[in-house]
Amino acid sequence: MSFMKKLKNRFKQDEETEEVSSKYKEGMKKTRNSFSGRINDLIARYRKVDEDFFEELEEVLISADVGVMTVMDLIDELTMEVKRQNIKDTKEVKDVISEKLVEIYYGDDDEHVEELNIQENQLSVILVVGVNGVGKTTSIGKLAHQLKRQGKHVVLAAGDTFRAGAIEQLEVWGERANVDVVKQSAGSDPAAVIFDGIKAAKSRNADVLICDTAGRLQNKVNLMNELSKVKRVIEREVPGAPHEVLLVLDATTGQNALNQAKTFSEATNVSGIVLTKLDGTAKGGIVLAIRNELHIPVKYVGLGEQVEDLQEFNAHAFVYGLFADMLEDE
Amino acid sequence: MAFEGLADRLQSTIKKITGKGKVSEQDVKEMTREVRLALLEADVNFKVVKGLINRIKERAVGQEVMESLTPGQQVIKVVKEELTTLMGGEHSKIAVSDRPPTVIMMVGLQGAGKTTTTGKLANHLRKKHNRSPLLVACDIYRPAAIKQLETLGEQLDMPVFSMGTETSPVDIAGKAIEQAKEQHNDYVIIDTAGRLHVDNELMDELQQIKSVARPDEIFLVVDSMTGQDAVNVAESFNDQLDISGVVLTKLDGDTRGGAALSIKAVTDKPIKFAGMGEKLDELEAFHPERMASRILGMGDVLSLIEKAQTNVDEKQAKQLEEKMRTMSFTFDDFLEQMGQVKNMGPLDDLMAMIPGANKMKGLKNAQLDEKQLVHVEAIIQSMTKKERQEPGIMNASRKKRIAKGSGTSVSQVNRLLKQFEEMKKMMKQMTNIQKGKKGKGMNFPFM
């Protein structure tokens, strides 16, 4: 059975995943159309697997913002594989391409790395970090909403004391989700706000505390130090915390996302990624490179502006979304 | 992952070639491959890269490069010229309407930095052009977006026009312009909500605002970290709104910013300004040539110089020069100097702006370890006033005390004292040289 069929069957068997994958299909329609469309174009145009074919394939992957190095490695591996299996027809190579891409996604990791680490009967602290304008506060709002709906008692800490209107923005989300927001005035020390947040979460017996932080560019050393301090406060106040450090990445970001993942990890030991704005034409392929090089899993993807458009990341569904057209062609 | 600059990569390619008498076509092919990789790593769109590479190849295979004695440098020169041409000249002028107010409309994706840029632009107009802008809050969708603009208005002490989140942005824009006329605001800057370029409904809304407000400028605000998708975004916004210029934000990050090239290539609209920080005065004119260097990872000497100029107080610098000349430079001055260097930002960043700096391995490990700087600072701070001014009085027990106070060792203190003496001597020499030949610039490795 070909790899594609296996993947397809997997979804046929599992109704629940079918529902998930249809959301992905919807949200990533534009992404998918252009991506798999181009792979199909490519395969139709080149009947023989040769140097030109690989060059073009390289471009398709690069245009999806998959890291340049990752693409080069992938192409090298593919070239080897094609030689090994003596593949001459581009139609056959399609399977190999998808298989390799999925391999990068999964790596050697356990598939459960994508689940959010929420402790039972104990306060779980989630720290949310990222550069400016990626959608940290919005993602927190959506996440709070969802956790609340699951019956969790959620508290938010307004740790972005820098950007104008940031506290108010989180408060609006707090109202919408009907959860408490702990805040101080603009300009106050973020570590102090988070400290207050922890105290409040403890005294209110909350299940989850989500800490917002100000957006910062990863090359600002002082601001990154500030972030480490916030994390130290959390570590000190709640044993085992933060249970999650989520790095929010904008899917439109190019190669710099790798730098972001690396530097934020150094400062706060990032445990997962929230990939936002995937409902545009951007492909977010850099996630492949990040997983490949830094082994950080994606935990959530943002597929739209609505609360339920923040989806738990499901690598199978994600790959399915990317390749759905190709699968259905078969 | 730090990407090597194009220059380094080409140099290693060329190392393979040197020894051969002549550069072959194959060599050129290899070099253009490196150029291609460098541009792709910098997020230049692959289609734009393709066009560029073809032009570069043509020139490179021609006499220009093959017959040159320094083919590597020739290739870089050709690449840089092509990039600079594509990027166009400087255009930081803002339209002025014959019939005020002049209307500027800010558009872009979510999180690009429209609201912050609106504030910065207003500040720029007042400071540099003596205008009195009215800011208009048309983002009725994102929670607290209006509040954000109002806060910026307060910080700048400028009027902000808003009508809450219930009125349509089209009406808000229309009313705002009326108010600007009544209250004699000569500029109106309309902050719109971030939206995806594929969101037809919201793109229609922008067109309606445009037809009501009849803006003299429509600025597309783009995050400089944007990847390959920059072309799609810029193309759609330009097709639907006919933008007049681009503002590139977050350029104070460490992105190479290839998006700038992509946007310019697909829209042919000038990039007018660059956002260089979170403060409201950190909006700068866009310099195409510097951007070309940055995309190629060739360092940004001009920005470094400017950074130094803005951070070093001129008066202090003069005093320092005097002290250097007369050799009355003390540890107190040294501390002050260190403070100023620190103000310029992380040392690694500064080093990254110097072309070829990553080549000087000694530099990176020996002097640029920021932790070592902290030690030096501690040692100096553990000295008495007198010791700082007259290091000559230092004896064994003083050194011991300083080492203890700063948590270092006597040998570290000794090393610093020795370095300080050497530095003083060097300074004296340097000031003499500078006097001799004034205006002689730095030596660039590629020129």
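The values are calculated or read from the model by the stated rules, or taken from the named source; none is laboratory data. Predicted model, so just to flag it, every value in this text is computed and none were measured. Neighbour counts are summed over all protein chains in view; Cβ atoms, including those assigned to glycine, are modelled from backbone coordinates with ideal geometry. Ligands, DNA and RNA are stripped out before the accessible areas are found, and what is left, the full protein with its side chains, is counted by its heavy atoms. Shrake-Rupley method; radii C 1.70, N 1.55, O 1.52, S 1.80 Å.
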(message) Given points 7 Å out from each Cα along the Cα-Cβ axis, report the residue B:25 to residue B:211 separation in nanometres with one decimal.
(response) 5.7
(request) Just report the Cα centroid separation between region A:56-108 and region A:178-220, whole Å. (result) 43
(request) Could you compute the FRET efficiency for residue B:396 and residue A:229, with r as their C-beta to C-beta distance and R0 at 45 Å, rounded to 0.05? (result) 0.70
(request) Would you tally the net charge around residue B:404, using a Cβ to Cβ cut-off of less than 15 Å, leaving residue B:404 out, and scoring K and R as +1, D and E as -1? (result) +3
(message) Inside 10 Å of the C-beta atoms of B:373-383, what's the mean count of C-beta atoms belonging to other chains?
(response) 0
(message) At a threshold of 8 angstrom on Cα-Cα distance, excluding pairs fewer than six apart, so keeping six or more, what relative contact order does region A:124-313 reach in percent?
(response) 26
(request) For residue B:375 paired with residue B:171, estimate the spin-label separation in nm (one decimal), with each label point 7 Å from Cα along the Cα-to-Cβ line. (result) 6.9
(request) State the Kirkwood hydrodynamic radius of region A:124-313 in Å, one decimal place, computed from all pairs of distinct Cα atoms. (result) 16.2
(message) Taking beta carbons within 10 Å but only from partner chains, what does the mean come to for residues B:139-150?
(response) 5
(request) Scan around residue B:187 for amide H atoms under 5 Å from its own, H built in the peptide plane at 1.01 Å from N, and keep only partners 5 or more places away or cross-chain. (result) B:102, B:132, B:134
(message) Could you check the spin-label model distance between residue B:281 and residue A:203? Points 7 Å from the Cα along Cα→Cβ, value in nm.
(response) 4.2
(request) In whole Hz, with x marking every Gly and Pro, tabulate ³J(HN,Hα) for region A:232-246 from phi via Karplus 6.51 cos²θ - 1.76 cosθ + 1.60, θ = phi - 60°. (result) 4, 4, 4, 4, 5, 7, 10, x, x, 8, x, 6, 9, 10, 9
(request) Given a cut-off of 27 Å, name the pairs among A:136/B:279; A:220/B:269; A:183/B:279; A:94/B:264; B:47/B:80; A:91/B:264 whose C-alpha atoms lie farther apart than that in the structure shown. (result) A:220/B:269; A:94/B:264; A:91/B:264
(message) Can you give the FRET efficiency to the nearest 0.05 for residue B:93 and residue A:122, using r as the Cβ-Cβ distance and R₀ = 51 Å?
(response) 0.25
(message) I'd like the FRET efficiency for residue B:128 and residue B:33, computed as 1/(1 + (r/R0)^6) with the beta carbon distance as r and R0 of 51 Å, rounded to 0.05.
(response) 0.70
(message) Taking θ = phi - 60°, what integer Hz values does the Karplus form 6.51 cos²θ - 1.76 cosθ + 1.60 yield along region A:168-175, in sequence order, with x for Gly and Pro?
(response) 4, 4, 5, 4, 4, 5, x, 5
(message) Run the numbers for residue B:419 and residue B:384: contour at 0.36 nm per residue of separation, minus the present Cα-Cα distance, in nm.
(response) 10.7 nm
(request) Can you tell me the equivalent ellipsoid semi-axes for region B:102-298? Use √(5λ) from the Cα gyration tensor, largest first, whole Å. (result) 26, 19, 14
(request) Quick one: what are the phi-derived ³J(HN,Hα) couplings along region B:211-225, Karplus 6.51/-1.76/1.60 with θ = phi - 60°, whole Hz, x for glycine and proline? (result) 6, 7, 7, 6, x, 7, 9, 10, 9, 8, 9, 10, 5, 5, 8
(request) Could you look at region A:48-90 and say what percent of its accessible area is carbon and sulfur, using a 1.4 Å probe and all protein chains? (result) 46
(message) Am I reading the B/A interface right? What is its buried accessible area, both sides, 1.4 Å probe, to the nearest 100 Å²?
(response) 3800
(request) Could you sort B:269-279, B:371-381 so that the peptide with the highest average Cβ count within 10 Å comes first and the rest follow in order? (result) B:269-279, B:371-381
(message) Per-residue counts of other Cβ atoms within 10 Å, averaged by peptide: what ranking do you get for B:215-225, A:162-172, A:68-78, B:198-208, highest first?
(response) B:215-225, A:162-172, A:68-78, B:198-208
(request) Quote to one decimal, in nm, the extra length available between residue B:340 and residue B:50 on full extension: 0.36 nm per residue of separation minus the C-alpha distance between them. (result) 100.0 nm
